[in-house]
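A.B. asks: First, the structure itself, so that you have it in front of you.
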Amino acid sequence: MGEEVKVFGYWASPYSYRAELALKLKGVSYEYINEDIFGNKSDLLLKYNPVHKKVPVLLHNGKPIVESLVILEYIEETWKHNPYLPQDPYDKSTARFWIKFIDEKCFPTLWLAAWSAENEREKVTNEACEYLKTLESALNGKKFFGGETIGMVDIVASSVGYFIRVTQEIMGQNLLSADKFPQLFQWSEDFANCSIVKESLPPRDKLLPFVKGLIAKYQQDNAKA
Amino acid sequence: MAEEVVLLDFWPSLFGMRSRIALAEKGIKYEYKEEDLRNKSALLLQMNPVHKKIPVLIHNGKPVCESLIQVQYIDEVWHDKAPLLPSDPYQKATVRFWADYIDKKIYDLGSRVWKTKGEEQATAKKEFIESLKLIEKELGDKPYFGGESFGYVDVAFIPFYSWFYAYEKCGNFSIEAECPKLIAWAKRCMQKESVAKSLPDQQKVYDFILQMKKHFGIE
């Protein structure tokens, strides 16, 4: 029976990337549709995600699933091979805890640290470093958050391990450095070097100018507000 | 084998109420420990070192933090009785979406309704009502968000009913006038013992909010 799987995404979006990586880890073929999220969102996107009007949207046999974390759980439950969440309810709850932490605290604060105004930057940066320290403790000597292989926490942490590292480079910051956070730094290297990750990440040379432009826009909007 | 379940909580917490309801739905005996958030216990700080927040569910000595994670955990461990999440992955995705919407939109907007005044409050009130109408639309004509039976979204959202009076008084509006179906749903839920036992009295919540407003200097 033919499965129809589509992803409506944006090539530079860390959220969109999560959905794609999860499908690739499961070996599920899908059609990718790049949405012009800064220009004109397609009618289909607005139809499939009327509440938030955002990417990513996963379309499975015509039915939409939205919000990256909801999508990740759906993919895990639908294609049960190559599991990326633990089976044990307690371990699962721990993974979900770290996912929420990365999504709601770690990643947004790191992003803010990149473009926030001079007078706020030190405070935000200190907060971001605290979060990185906490995140590193979650690794607890493991190669990946998921253990020997990539798990759902790693998929979500790609926002920090890859996208934020690119952002840091642009801003001349080095928060996620090898000497400050050796374990986390090593994790980000190991993660980016996995073949399935390497071939699916948006290329650095394309991402750099894009993020540069985005930061400039955020700073401009922030100055006006 | 003896199961030890403890819930560290704070009586007006919308989030704590979710776990109380889930535990009651499953008929689980547990020890409820009231936390003084101005003087957090050593146990709380030990069990939730990252956020230092309630609720914390402690099962046989191991902590589970974050209310929706707790509800899912409770549902997975005690899966034999009163299932809260659907088994179909697509339906599960739908309930997770709405629980996320409740946390990201409804909770924030509700907070702004009681925490702000003037124009800021007027905007928050308008958006809050819009978000309630959206979720009312999702309920449709079903008795519960879970369909025929009380489910995950019902658990996630019904605690807010205990705060409705406070929102209404602070924002000077009637939720029943705006969303009658939502009130009918809430009253239906309140007939369940698990819900009635877990939600505080609305007047008590309002008095608490008034104290908070004084404390934050909001008039």
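The values are calculated or read from the model by the stated rules, or taken from the named source; none is laboratory data. Since the model is a prediction, treat every value here as computed from it, not as a measurement. With ideal geometry, Cβ positions are generated from the backbone for all residues, glycine too; neighbour counts draw on all protein chains shown.
A.B. asks: Anything in region A:5-24 that is in a helix (DSSP H, G or I) and either polar (S, T, N, Q) or assigned by the TED database to the domain that holds A:Phe191 (or both)? List them, or say none.
C.D. replies: Answer for region A:5-24, where residues must be in a helix (DSSP H, G or I) and either polar (S, T, N, Q) or assigned by the TED database to the domain that holds A:Phe191 (or both): just A:Ser16.
A.B. asks: Do we find that A:Tyr74 is more than 21 Å from B:Arg96 (Cα to Cα), at pLDDT 95 or above and in contact with a Leu (Cβ under 8 Å, 6 or more places away or on another chain) in this structure?
C.D. replies: When the stated conditions are applied, A:Tyr74 does not pass them.
A.B. asks: Quick one: which helices (runs of 4 or more DSSP H) sit completely within region B:128-219 and have at least 2 residues that are under 21 Å from B:Trp98 (Cα atoms) and not assigned by the TED database to the domain that holds B:Tyr32?
C.D. replies: B:152-157, B:161-171, B:175-178, B:180-190
A.B. asks: For the subset of region B:58-102 comprising residues that are under 15 Å from the mean Cα position of the chain (by Cα) and within 8 Å of another protein chain (Cβ to nearest Cβ), which member is surrounded by the fewest Cβ atoms within 10 Å (Cβ to Cβ)?
C.D. replies: B:Asp100
A.B. asks: Which numbered condition in (1) of a type outside the set (Ser, Thr, Tyr); (2) at pLDDT below 95; (3) surrounded by 12 or more Cβ atoms within 10 Å (Cβ to Cβ) is the only one that B:Met1 fails?
C.D. replies: (3)
A.B. asks: For region B:44-57, which positions are under 16 Å from the mean Cα position of the chain (by Cα) and assigned to a loop (DSSP other than H, G, I, E, B)?
C.D. replies: Once the filter is applied, which keeps residues that are under 16 Å from the mean Cα position of the chain (by Cα) and assigned to a loop (DSSP other than H, G, I, E, B), region B:44-57 yields B:Lys53, B:Ile54, B:Pro55.
A.B. asks: Given the residues A:Ser158, A:Ser195, A:Ser188, which is the only one that is of a type in the set (S, T, N, Q), modelled with pLDDT under 95 and in the same structural domain as A:Glu122 (by the TED database)?
C.D. replies: After applying the criteria, what remains is A:Ser195.
A.B. asks: Now for a different question. Name the helices (runs of 4 or more DSSP H) wholly inside region A:178-225 in which the number of residues that are among the β-branched types (Val, Ile, Thr) is 2 or more.
C.D. replies: Filter on region A:178-225 gives A:195-198, A:204-224.
A.B. asks: Same structure, new question: Could you please give the count of residues in region B:77-103 that are closer than 19 Å to A:Trp79 by Cα, charged (D, E, K, R) and part of a helix (DSSP H, G or I)?
C.D. replies: Residues that pass the stated criteria total 2.
A.B. asks: Which of the residues belonging to region A:187-225 are acidic (Asp, Glu) and over 20 Å from A:Lys26 (Cβ atoms)?
C.D. replies: A:Glu189, A:Asp190, A:Asp205, A:Asp221
A.B. asks: Turning to a different aspect of this structure: For region A:103-135, give me each residue that is within 12 Å of the chain's Cα centre (by Cα) and surrounded by fewer than 22 Cβ atoms within 10 Å (Cβ to Cβ).
C.D. replies: Of everything in region A:103-135, those that are within 12 Å of the chain's Cα centre (by Cα) and surrounded by fewer than 22 Cβ atoms within 10 Å (Cβ to Cβ) turn out to be A:Asp103, A:Glu104, A:Pro108.
A.B. asks: Given the condition of a type in the set (A, V, I, L, M, F, W, C) and within 30 Å of B:Ile58 (Cα to Cα), answer yes or no: does some residue in region A:36-49 qualify?
C.D. replies: No, region A:36-49 has no match at all.
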